[in-house]
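Everything below concerns the one structure shown next.
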Amino acid sequence: MAESTPEEPPPAPVPLLELRDGLPPLTDTPPALVESCRALAAADGPVAIDAERASGYRYSPRAYLIQLRREGAGTFLIDPIAFDSVAPLQDALAGSEWILHAATQDLPCLTELGLVPAKLFDTELAGRLLGYPRVGLATLAEVLLGQRMKKEHSAADWSTRPLPQPWLEYAALDVEVLIELREVLARELHEAGKDEWARQEFEALRGFTPVVRSEPWRRTSGLHRVRGRRLLGAVRELWQTRDELARARDVSPGRIIGDNAIVAAALADPRSRSDLLETKGFHGRGAQRYADRWVEALTRAREMREEDLPVRAPRTDGPPTPRAWAERDPVAAERLALARDGMNRQSEELRVPAENLLSPDTVRRVMWEPAGTDVEAIRTQLRGLGARDWQVELTAPMLLDAVLTAPSRVASAQAQPPD
């Protein structure tokens, strides 16, 4: 009889993160805002900041709650909806470093309130540069700090008033760990020789603004099913009508009708209200309520002049889609393949995601139309496209190698006799 081996003991449970100072009161009156700002300004060190929006519920990306924590001052929960201006908060934070997680999500709504960082540290981006496979705040807090976070209210409607106490506790916990997490990540960045990379990335983030798409309707889910310019015009008219209604009501567009309903209506092309409402797949809270508006949109598309209809391929100032490169420019296609291989190798060696080494769009633009055949030309081109110095120094030689190698690789392949 085989000797049994003792079972390994279960891993020790990870303690649940709790508020060290208890739940602070909600700052929602002018006197309370003055007092909160006075306390924040009197303390030293970086400020942990987070914001809660009502994504999925509201059209506006505005902040419905701002959470802040500073050592020596504690945690503050500020309701920006209660004030005409939170300018005193910007004064209180003047010159301080902000700590955010996934800064690109919160910076736009904070900027809208007049809150702009003088310096920042992004814990998510730091985790990416250090090669952590998962960089969510809860994951990093558990891996690096040994604390488990609550996440049950992440998709809540933060425009709700009054805000329930469990939601406020959840929100306060998001800034509870940021200062300590920053210290750990900053130390690891220094030890890995990546602290200068991070500094450049954080500095670039300070000027972040969301990309404004020229034809946002083209992101309609299921658009690939729509064939023909007339039907594309129907999708565009329905999308724009939904967007106008959503903006006027300040509700998420998907809460009026979903993308699948837009595509279903465009493909069916019903001529009347009754036909529209009988269309399979056309449903949503606003399907019947705004039925006349949807019929009008479809009628506009049906009667639109041919030259005013959208084309299948979106207008862009960049290179064509990569799948078309092999036919249009085989050498460019080979350059891109070589560059992608090189990016993947560097990504593995440096333990940095390829998209953080250099944005895929930048790689495509350089490989489609290289600025020259020497490394300085490639460096200049990369800087012109917004690459940071650390990215330029790491990737320019590899990209140049792709530029120089591709022509001979293509010529050799073309010279091979067919099988």
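Just a few scattered comments:
- Contact map, the range 370-393: first residue among the aromatic types (Phe, Trp, Tyr), second residue surrounded by 19 or more Cβ atoms within 10 Å (Cβ to Cβ), Cβ cut-off under 8 Å, separation 6 or more or different chains; pairs are 390/197.
- Just one of the listed residues (281, 233, 254, 286) is at positive phi and not assigned by TED's automatic domain parsing to the domain that holds residue 395, namely 281.
- Look at (1) touching a residue at least 40 places away in the same chain (Cβ under 8 Å); (2) not in a loop (DSSP other than H, G, I, E, B); (3) not aliphatic (A, V, I, L, M) and you find that residue 214 fails only one, number (2).
- Meets criteria (buried (at least 21 other Cβ atoms within 10 Å of the Cβ), aliphatic (A, V, I, L, M) and either assigned to a helix (DSSP H, G or I) or on the phi > 0 side of the Ramachandran plot (or both)) for residue 89: yes
- For the range 133-182, a residue qualifies if it is in contact with a Lys or Arg (Cβ under 8 Å, 6 or more places away or on another chain) and polar (S, T, N, Q), and exactly one does: 159.
- Counted residues, the range 56-98 - those being touching a residue at least 60 places away in the same chain (Cβ under 8 Å) and out of contact with any Phe, Trp or Tyr (no Cβ under 9 Å at 6 or more places or on another chain): 6
- For the range 253-276, the set of residues classified as of a type outside the set (Asp, Glu) and surrounded by fewer than 16 Cβ atoms within 10 Å (Cβ to Cβ) consists of 271, 272, 273, 274, listed by residue number.
- Which numbered condition residue 211 misses (of (1) surrounded by 19 or more Cβ atoms within 10 Å (Cβ to Cβ); (2) within 20 Å of the chain's Cα centre (by Cα)): (1)
- Number of the condition not met by residue 77 [criteria: (1) modelled with pLDDT under 95; (2) in a strand (DSSP E or B)]: (1)
- Residues (assigned to a loop (DSSP other than H, G, I, E, B) and either out of contact with any helix residue (DSSP H, G or I) (no Cβ under 6 Å at 6 or more places or on another chain) or surrounded by fewer than 20 Cβ atoms within 10 Å (Cβ to Cβ) (or both)) located in the range 157-178: 157, 158, 159, 160, 161, 162, 163, 164
- Cβ-Cβ under 6 Å pairs, at least 6 apart or on other chains, the range 228-241 side over 15 Å from residue 252 (Cα atoms), far side among the polar types (S, T, N, Q): 235/220
- Residue in the range 306-321 that is modelled with pLDDT of 95 or more, within 23 Å of residue 217 (Cβ to Cβ), surrounded by 15 or more Cβ atoms within 10 Å (Cβ to Cβ) and of a type in the set (A, V, I, L, M) present: yes
- Residue match in the range 304-324 (condition: touching a Lys or Arg at 6+ places or on another chain (Cβ under 9 Å), in contact (Cβ under 8 Å) with a residue 24 or more places away in the chain, farther than 30 Å from residue 403 by Cβ and assigned to a helix (DSSP H, G or I)): yes
- Among the residues of the range 143-155, those that are touching a residue at least 60 places away in the same chain (Cβ under 8 Å) and out of contact with any Leu (no Cβ under 9 Å at 6 or more places or on another chain) comprise 146, 155.
- Residue 388 being of a type in the set (Lys, Arg), at pLDDT 95 or above and over 20 Å from residue 321 (Cα atoms): yes
- Conditions (1) more than 21 Å from residue 157 (Cβ to Cβ); (2) assigned to a strand (DSSP E or B); (3) not small (Gly, Ala, Ser); number of the one not met by residue 40: (2)
- Restricting the range 179-208 to residues that are in contact (Cβ under 8 Å) with a residue 40 or more places away in the chain, within 22 Å of residue 95 (Cα to Cα) and outside any helix (DSSP H, G or I), the residue that is farthest from the chain's Cα centre (by Cα) is 206.
- With respect to the conditions (1) modelled with pLDDT of 95 or more; (2) closer than 25 Å to residue 41 by Cβ, residue 128 falls short on a single one, namely (2).
- Within the range 277-287, tally of residues that are free of Cβ contacts under 8 Å to residues at least 40 places away in the same chain and surrounded by 14 or more Cβ atoms within 10 Å (Cβ to Cβ): 7
- Being on the phi > 0 side of the Ramachandran plot and surrounded by fewer than 21 Cβ atoms within 10 Å (Cβ to Cβ) holds for only one residue in 56, 136, and it is 56.
The values are calculated or read from the model by the stated rules, or taken from the named source; none is laboratory data. Here the structure is a predicted model, which means the values were calculated and not measured. Note that each Cβ is placed from the backbone with ideal geometry, even for glycine, and that neighbours are counted across all protein chains shown.
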